[in-house]
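Worksheet: the structure to be examined is printed underneath.
The values are calculated or read from the model by the stated rules, or taken from the named source; none is laboratory data. Please read all numbers here as calculations on a predicted model, not as lab measurements. Note that each Cβ is placed from the backbone with ideal geometry, even for glycine, and that neighbours are counted across all protein chains shown.
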Amino acid sequence: MDNMNLNKHISGQFNAELDDIRNHVLAMGGLVERQLEQALDAIANLDAELAQRVIEGDHKVNGMEVAIDEECARIIAKRQPAASDLRLVLAISKTITDLERIGDACVKIAKVALEKRLKKQQPLLVSLDSMGRHATRFLHGTLDALARMDADAAFALHKEDAKLDKEYEGTIRQLMTYMMEDPRSIPEVFDVLWATRAVERVGDRCQNICEYIIYYVKGKDVRHVSYEEMEKDLNL
Amino acid sequence: MISIDKSAMSTKSVDLKNLSQEETALEIRNLDLKYGDKQALFDVSMKIPEKKVTAFIGPSGCGKSTLLRCINRMNDLVDNCHISGEVLLHGQNIYDKKVDVAALRRNVGMVFQRPNPFPKSIYENVVYGLRLQGINNRRDLDDAAERSLRGAAIWDEVKDRLHDNAFGLSGGQQQRLVIARAIAIEPEVLLLDEPTSALDPISTLIIEELISELKSKYTVVIVTHNMQQAARVSDQTAFMYMGELVEYADTNTIFTTPQKRKTEDYITGRYG
C-alpha cells in the first residue's frame with residue numbers, strides 16, 4: 001500500500017457509512033475502557049455499588065456490538081466494499097467481538113468485587129491492582145492506535161502482552177504461596193485468581209485488536225505468526 | 001472448503017511473474033499504440049496465462065478495450081492506428097508480416113458488448129464460421145452446432161427452434177448465441193468486450209457462470225466495467241489507467257490488498 005491517506009469515495013453516503021462505523025467502534029472502545037477502569041476500582045476498593053454499576057453497564061456494550069455488526073453487514077450487502085474498505089469493515093467486525101469480550105471480563109472482575117469474604121483478605125489484591133493498571137494502559141494504547149489506525153503503534157503494543165503475561169505468572173505464583181501458607185484462604189484466593197485471569201485475558205483481546213489494525217493498514221494477516229515474520233511483513 | 005494449510009495460504013494461485021512458457025497463452029511486450037497523434041497505450045507488458053480468465057478493468061478511455069482489440073488485430077481496421085511492440089501467441093508474434101490475420105482471428109475469437117447475431121437462423125449463426133472454412137457436411141455442422149450451443153449453455157433453450165430467426169431470442173440468449181458462434185470454430189483464446197453490459201442481472205449471472213465453464217477449454221480475456229464481475233469471474237485482473245497497465249496480479253490480491261494507490265482508489269470507488 002502506498003499509504004493510507006485515502007481520498008474520499010465518490011459516494012458521499014458510503015463515506016458517511018464508513019465514518020459512522022469507525023466512530024461507533026471508538027465510542028464502544030471508550031465505553032469498554034470505562035467499564036474496565038471501574039471494575040478494577042470496584043475490586044481494589046471492594047466497592048459493591050460500583051461493581052453493580054459495571055455489571056449493569058455491560059448490556060450497553062453488548063448492544064453496541066450487535067448494532068455495529070448490523071451496520072457492517074448492511075455495508076457489505078449494499079456497497080460490496082473492496083480492498084481497504086473491505087478490510088476496514090472486517091477489522092471492525094472482529095474488533096467489536098474482542099471489545100465485547102473485554103466487557104465480559106469487566107463483568108467477571110466486578111462479580112469478584114461483590115464477594116464479601118474478600119474483605120478480610122485485602123492484601124491478596126495488591127498485585128492484581130498493578131496488573132490491572134497495566135491492562136488499562138494496554139487497552140488505552142490499543143484504542144489510541146485504532147483511532148489513528150497506526151500499524152507501527154499496534155505492532156509495538158502487540159509485544160506489550162508478553163509483559164502482562166509475565167505479571168500474570170508472577171501473580172499466580174504469589175497466590176499459590178498464599179494457598180500453601182494458609183489453606184483457609186483458598187476460597188478467597190480463588191476469587192482473586194478468577195479476576196486475575198480476566199485481567200490477563202484483556203491483554204490477549206487487545207493483542208487481537210492490534211492484529212486487526214495491522215491487517216487493515218498493511219493488508220497482512222499477522223495472526224499466529226512470529227514477531228520475525230511480522231517484522232518482515234511490516235517492513236520494519 | 002476452507003484450507004488451513006499455512007503454506008498453501010501463502011502461495012498465490014498463480015505466480016504471474018514466473019509463469020513458465022507452457023502456461024503462458026499470450027504475452028504482450030512493450031506495446032505502444034497511437035490513434036493518429038494520440039497515444040492510447042503506453043509500453044504495456046504482461047503475460048496472460050492459458051485456460052484462465054484474465055480481466056481488464058479501468059475507467060472509460062483507459063485503453064482496456066484497445067488492448068483487448070490488439071490481441072486479435074481488430075485495430076488493424078482503424079485508420080491511423082500505429083502499433084509497436086509485440087503480442088506473442090504461444091511465442092509467435094501476431095504482428096509479424098507472415099501472420100494470416102483471418103487465421104489469427106479464427107484462433108482468437110471475440111464477443112462484443114451488444115449481441116450481434118446475423119440476420120439468419122440460430123443454427124446458421126452458429127455454423128457460419130464453419131461454412132466459411134468450407135465445411136458443409138450436414139452431420140459435422142449439426143454436431144458442431146449442438147456442441148457449441150451446449151458449450152454456451154443455451155442448447156436447452158433453443159434446441160426445438162434451431163431454424164427460427166436469431167433475432168427472436170432475448171438479449172441474454174443472443175449474447176450466449178454469439179458466444180456459441182465464437183466457440184464453434186474452436187478458438188484457443190476468447191476475447192469478451194464487456195459481454196454483459198447490455199444485459200439484465202439474471203442473464204449477466206448466466207453469462208458469468210458460462211465464463212467460469214469456458215475457461216476449462218479456452219483462455220478467456222474479458223474487459224468489464226463491472227468491478228464486481230471482474231472479482232467474481234476472473235483469476236487475474238489487470239488495472240489500466242490512461243493507457244498504462246498500473247497493476248496486474250491475481251484477482252484476490254487486487255480486490256483485497258492492491259499494491260498501488262491508483263488501483264485502491266479505483267476499486268474502492270475513490271477515483272474521480
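Laid out as a table, the results:
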| quantity | calculated |
| --- | --- |
| Wholly enclosed helices (runs of 4 or more DSSP H) of segment A:146-236 bearing at least 2 residues buried (at least 21 other Cβ atoms within 10 Å of the Cβ), within 14 Å of chain B (Cβ to nearest Cβ) and in contact with a Leu (Cβ under 8 Å, 6 or more places away or on another chain) | A:186-218 |
| Selected residue (only one of A:Gly57, A:Gly63 is more than 14 Å from chain B (Cβ to nearest Cβ) and buried (at least 17 other Cβ atoms within 10 Å of the Cβ)) | A:Gly57 |
| Long-range neighbours under 8 Å by Cβ, at least six apart or interchain, first residue without any contact (Cβ under 8 Å) to a residue 12 or more places away in the chain within segment A:169-197, second β-branched (Val, Ile, Thr) and buried (at least 18 other Cβ atoms within 10 Å of the Cβ) | A:Met179/A:Val189 |
| Scope segment B:3-42; condition of a type in the set (D, E, K, R), surrounded by fewer than 14 Cβ atoms within 10 Å (Cβ to Cβ) and modelled with pLDDT of 90 or more; matching residues | B:Asp37, B:Lys38 |
| Qualifying residue in segment A:96-113 (condition: within 14 Å of chain B (Cβ to nearest Cβ), closer than 28 Å to A:Ala151 by Cβ, surrounded by 18 or more Cβ atoms within 10 Å (Cβ to Cβ) and of a type outside the set (D, E, K, R)) | no |
| Count of residues meeting criterion [part of a loop (DSSP other than H, G, I, E, B) and either within 14 Å of another protein chain (Cβ to nearest Cβ) or of a type in the set (S, T, N, Q) (or both)] in segment A:5-48 | 7 |
| Segment B:247-272, subset β-branched (Val, Ile, Thr) and in contact (Cβ under 8 Å) with a residue 60 or more places away in the chain, residue nearest to the other protein chains (Cβ to nearest Cβ) | B:Ile267 |
| Subset of segment A:119-139 (residues that are in contact (Cβ under 8 Å) with a residue 60 or more places away in the chain and among the β-branched types (Val, Ile, Thr)) | A:Thr136 |
| Yes/no for B:Glu247 being touching a helix residue (DSSP H, G or I) at 6+ places or on another chain (Cβ under 7 Å), among the acidic types (Asp, Glu) and modelled with pLDDT of 90 or more | yes |
